[in-house]
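Have a look at the structure below, then the notes.
The values are calculated or read from the model by the stated rules, or taken from the named source; none is laboratory data. The model shown is predicted, which means the values in this text are computed figures rather than measured ones. With ideal geometry, Cβ positions are generated from the backbone for all residues, glycine too; neighbour counts draw on all protein chains shown. Heavy atoms of the whole protein, side chains included, go into the accessibility calculation; ligands, DNA and RNA do not. Shrake-Rupley method; radii C 1.70, N 1.55, O 1.52, S 1.80 Å.
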Amino acid sequence: MSEQTPDLTTSISDNDNDQLAKKVRRVFGDLAIDKRRLPASQLQKRGVPAYVGEWILDTLTPGDGTLSAEEASKVQQWANKFIPGPGDANLIKNRLLDGEMVKLLTPVQVEVELTRRRQERVAKMSLLGIGDAFVADTLVQRYPDLLNQGMWGIVQIVNTQDGVTLDSFKPMQASVNLELFKEAREQFTLQEWRSLILTSMGYNPDAFTEEEQMFLLCRLLPLVQKNMHMIELAPKGTGKSYIYENISPRVKLVSGGNISPAVLFVNNMTGQWGLLARYSVVVLDEVQTLKFEKPEEIVGGLKGFLANGRLTRGGLHETASDCSMILLANISLDNQQQPVSEPLVRELPAFLQETAFLDRIRALIPGWKIRKLSGECFARNVGLKSDFFGDALVALRNDLEHDQRCARRIQLTGEKVYKRNEDSVRSIASGLLKVLFPHGKVSDLEFERYCVSPARMLRQYIWGQLQMLDAEYRQYEPTIQYEVLPD
C-alpha cells in the first residue's frame, strides 16, 4: 500500500463558504454558531471555555458576523455582573454573609463525603473558594455529570445557618443528539463536512494545507475513540492544547504543576477516583514541565492502564476506564523545521523514552508539520457550537459498528505481524471513520484513503521510534504494511 499522505482536497471558494454556512444553518439550526463571534467577545480572557462562551453569546447576542461594538459592550456588561474574577471570592463571600442571594456563572463539582462524621453530597465551586456547599439531591439526579467531571452553569447561592446552599443550577451545555449528527452528515459532501469539522474545532480550513488539515483532524481521535492514547510533538505555537481546552467538559487539560498517584488514579485514603476514571479524555500538556510525585508508582500505574484500561493503586481499589490520554510535548527544530533529535523522544522525560511505555501509545501526531497559529488560522465561518460538537464526538465512542468494520477489514501483512501495531491501526482508522463518515457510508477508496492510510502513518511514527530504541523490535519488519479486505 502507498505510504504517501492522503491527498485531501483543496480549500473551497468564498462563495462556496457562504453556501456552506447557509447549509450548516439550515441543517443544524440553533446548534450552529458563527465562530468569529467568540474571539471578539473577549470571554475566554475571563477564563470561560469556548463551549460556555458560545452559549452566552447565542443567548445574549444571536446572529452572524463579528460582534458589533454594541453587542460586545452588552456581553462585557453581562460578564462583569455574572462572571467572578480571580480576586472576587472574598467579595462574594461577604455578600453571602450579608444575607444576599448571589447569582453567577461558575463550574460546579459535586463530591460525595462518606466518613463516620459526615455522609452527604457537597458542591465545590473552586472559583469562589467554596468547597462544601449544600446541594439538593434533585439537582444531582437531574445533572449526573456534576458527580463526574463537573459542569459549568448559572448558580444561585445563599448563606443559611447550615452554611452555603446551592439553591438552583442552570447548566450551560446542550444535550447531544447523536442521530441528528449522523443523519446530517448525509447532506454534506466529504469536502464540506471536513470544512465544517475544522471550523467547529475553531480553525480556518483555508489557512492549512491538505496534510495539515489531516493532522488537525487527528487531534479529535481521543474524543471519538476509547483508550486512544496518543502523543503530539511540536514546537511552541502550533496550538497543541487549543482544541482540548475548549471542546468539552469531558476533557481535562493538566498543564504544569505536580501530579500525584491520587490525582491520576485513586486516593486510597478517601476512595475518590482520579482524573483517568472521571474524564473521557485527560491531556498532559508540556510533559517536560510536569513534576510527578512518586514517579515510579505513576509510571507503573500508567503502563498497566495503557495496556489494559485498568486503574488501581496497591490493589486497594480497582476499576476499568475507557479514558483516552494525550501527551503534549515541545521539541526543538532545525532551520529546515525538522526535529533536531533522533529518536524524536530524546528530549522527553525518561519514562517516555522507555519502549515498554512508548509501545502502549497508539499514535504520534507530527505536530512540527503543522504551521504555527496566526490570526488567519482561526475560524471565519459558521460551525457547530462547541458543547454540542464535543458531546457528539464523545457519544461516538459507543458506536461500535465502526470499530467492528475496521477489525473486519484491516489486516496487517508481512512475515511477522506485531499485534499492537494491528490493534492501533484499526483503532485509529475507526476514529477517523467516526470523524469523517459518522453515518457509516464510505466507499472502499475513501475508507483506504482517508482512514486506513493515515492510521498506518500515525502508528508508523511510534513503530519507527521503537525500532531505533530497542533491538527487540527489529525482529519485525520496519515498515507497517496492510491490506484492506472486502466488506
R0 = 35 Å: FRET efficiency of D334 with R449, Cβ-based, nearest 0.05? 0.65
Given an 8 Å cut-off on Cα distances and at least 6 residues of separation, report the relative contact order of the stretch 224-337 as a percent. 37
Taking trypsin sites (Lys or Arg not before Pro) as candidate sites, keep only those in a DSSP loop with at most 13 other Cβ atoms within 10 Å, then name the longest stretch of the chain containing none of them. 237-371
Cα-based shape type of the stretch 96-206, given that a ≥ b ≥ c are square roots of the gyration tensor eigenvalues and the cut on a/c is 1.5: prolate
Going down the table (K170/K291; K236/K419; K22/K45; K294/K385), which pairs top 32 Å between alpha carbons? K170/K291; K236/K419; K294/K385
Once both label points are put 7 Å beyond Cα along the C-beta direction, the N148-K45 separation in nm becomes 3.4
The ³J(HN,Hα) series, computed from each phi in the stretch 394-401 with the Karplus coefficients 6.51, -1.76 and 1.60 at θ = phi - 60°, rounded to the nearest Hz and given as x for glycine or proline, is 5, 5, 5, 4, 8, 8, 7, 4
HN-Hα J in Hz across the stretch 422-427 - Karplus 6.51, -1.76, 1.60, θ = phi - 60°, x for Gly and Pro: 5, 4, 5, 4, 4, 5
Carbon/sulfur fraction of accessible area - the chain, other protein chains in place, 1.4 Å, %: 46
Summing -39500 (n - 2.57) over the DSSP H runs of n ≥ 4 in the chain and dividing by its residue number, what mean residue ellipticity at 222 nm do you reach, to the nearest 500 deg cm²/dmol? -10500 deg cm²/dmol
Per residue, what accessible area does the chain have, given a 1.4 Å probe and all protein chains present, in Å²? 43
Go ahead and collect, in residue order, the members of the stretch 167-207 whose backbone nitrogen is under 15 Å from a label point 7 Å along the Cα-Cβ direction of D487. 186, 190
